[in-house]
Amino acid sequence: MSFKISVLTLFPEVFRETLSASLIGKAIKNQHLDIEIIQIRDSATDRHRSVDDTPYGGGEGMLMRADVLYNAWKSMVPEKSGAVKTIMLSPQGTLLTQEIAKSWMIPVPQFEHLVLVCGHYEGVDERFIELCVDQEISVGDYVCTGGEFPALILIDVLSRLIPGVVKNPDSVSNDSFEGGLLKYPQYTKPQTFKGLSVPEVLLSGDHAKIATFRAEESRKRTKKKRPDL
Ligand SMILES: C[S@@+](CC[C@H](N)C(=O)[O-])C[C@H]1O[C@@H](n2cnc3c(N)ncnc32)[C@H](O)[C@@H]1O
């Protein structure tokens, strides 16, 4: 059965090319993943197809209207249930980490259908969040123009955790952040490049020595680059 993600957005074109490439494109082709992109504007009810308006109380920018968003969401989620999770991409949300992604997806996805809502402009009427959103997720402490790129990041991170999408499970379980460590340095051909050689131990064929070297390098670089981990 494929894992379903619906994305509510005002800019569907952002997703089309990106999602057809590489591992995600393959996951969709192999039916591990089913992605549906919904144009929020199609749920507007006035003749101008308005999706936003000025904030009550004044202030800068335009807000996405709760009624239009609600109609778009309701067409995806007729009934709230544990099998469906609605996530609003927001700089105010829980910071996305590998730990969080894994807790949703491993050993098997904790829900069947993920609905991602991309805000835009100055943001979203709070009542939509109150009524429909299960969790707000942020991709970092900075502000993007819209939720589209954050949604793509989330889709990318979750896709490679769907069982069967990454062929060799070790390549997921040995990734950075596993066990609180960054991955060790890696090398491929040529053996020497611009005077820099591959560490001797990696050419030795001694698997125990290679494992010790990699574990040590992993610890060293985590301490240097991300002591907070
Ligand atoms: C310009 S932002 C609005 C920011 C809002 N005025 C605030 O100060 O919290 C427009 C939309 O981009 C998305 N967005 C911006 N930064 C994000 C982040 N770091 N993580 C996830 N989504 C983000 C959200 O969907 C947000 O509604």
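Note on Phe111 and Gln31: the extension gain reaches 27.1 nm, defined as 0.36 nm multiplied by sequence separation minus the Cα-Cα distance.
DSSP beta bridges confined to the chain are antiparallel in about 15 percent of cases. Taking the range 1-117 as the region of interest, the number of lysine pairs whose Cα atoms are within less than 27 Å, with members eight or more places apart or on different chains, is 13. Arg65 contributes about 70 Å² of solvent-accessible surface, heavy atoms of the protein only, 1.4 Å probe. Between helix 148-159 and the chain there is an angle of about 50 degrees, using the helix long axis and the longest principal axis of the Cα atoms. Per residue, the solvent-accessible area of the range 2-105 (1.4 Å probe, heavy atoms of protein chains only, all protein chains present) comes to 55 Å².
For Asp156, the accessible area of its heavy atoms, probed at 1.4 Å with every protein chain present, is near 80 square angstrom. Rg then Dmax, both in Å and based on the Cα atoms of the range 176-225: 12.0, 34. Calculated on the alpha-carbon coordinates, the convex hull of the chain measures out at 177 cubic angstrom per residue. With both labels modelled 7 Å from their Cα along Cα-to-Cβ, the Glu60 to Lys194 distance reads 4.1 nm. GNM on the chain, alpha-carbon springs under 10 angstrom: the most fluctuating residue among Val139, Val157, Val14 is Val14. In a fully extended conformation the segment linking Lys183 and Arg160 would gain 6.6 nm over its present Cα-Cα distance, using 0.36 nm per residue. Across Ser197, Ser22, the residue with the most accessible area heads the list, and the full order at a 1.4 Å probe is Ser22, Ser197. The mean accessible area for residues of the range 113-171, using a 1.4 Å probe and ignoring ligands and nucleic acids, is 46 Å² per residue. Of Cys132, Cys144, the order by accessible heavy-atom surface (1.4 Å probe, DNA, RNA and ligands excluded), from most exposed downward, is Cys144, Cys132. Extension gain, Ser81 to Arg226, is 48.3 nm, computed as 0.36 nm per intervening residue step minus the present C-alpha separation.
Protein heavy-atom surface of the chain, 1.4 angstrom probe: 53% of the accessible area is carbon and sulfur, with nucleic acids and ligands not counted. With protein chains left intact and a 1.4 Å probe, residues in the range 181-229 average 83 Å² of accessible area per residue. In terms of accessible area, using a 1.4 Å probe and ignoring ligands and nucleic acids, Glu136, Glu216, Glu200, Glu13 rank largest first as Glu200, Glu13, Glu216, Glu136. For the chain, adding -39500 (n - 2.57) for each run of n ≥ 4 DSSP H residues and dividing by the number of residues yields -10000 deg cm²/dmol at 222 nm. Considering only Gly140, Gly93, Gly58, the mean-square fluctuation computed in a Gaussian network model of the chain, springs between alpha carbons under 10 angstrom, is largest for Gly58. Distance between the modelled labels on Thr145 and Ser50, one decimal in nanometres: 2.3 nm (7 Å Cα→Cβ projection). Accessible surface for Tyr70 stands near 80 Å², nearest 10, in the context of the full protein assembly shown (1.4 Å probe).
The values are calculated or read from the model by the stated rules, or taken from the named source; none is laboratory data. The shown structure was predicted, so the numbers you read here are calculated from the model rather than taken from an experiment. Don't worry about glycine lacking a Cβ; one is built from the backbone with ideal geometry, like all the others, and counts go over all protein chains shown. Please note that ligands, DNA and RNA were not included when accessible areas were found on the heavy atoms of the full protein model with its side chains. Shrake-Rupley method; radii C 1.70, N 1.55, O 1.52, S 1.80 Å.
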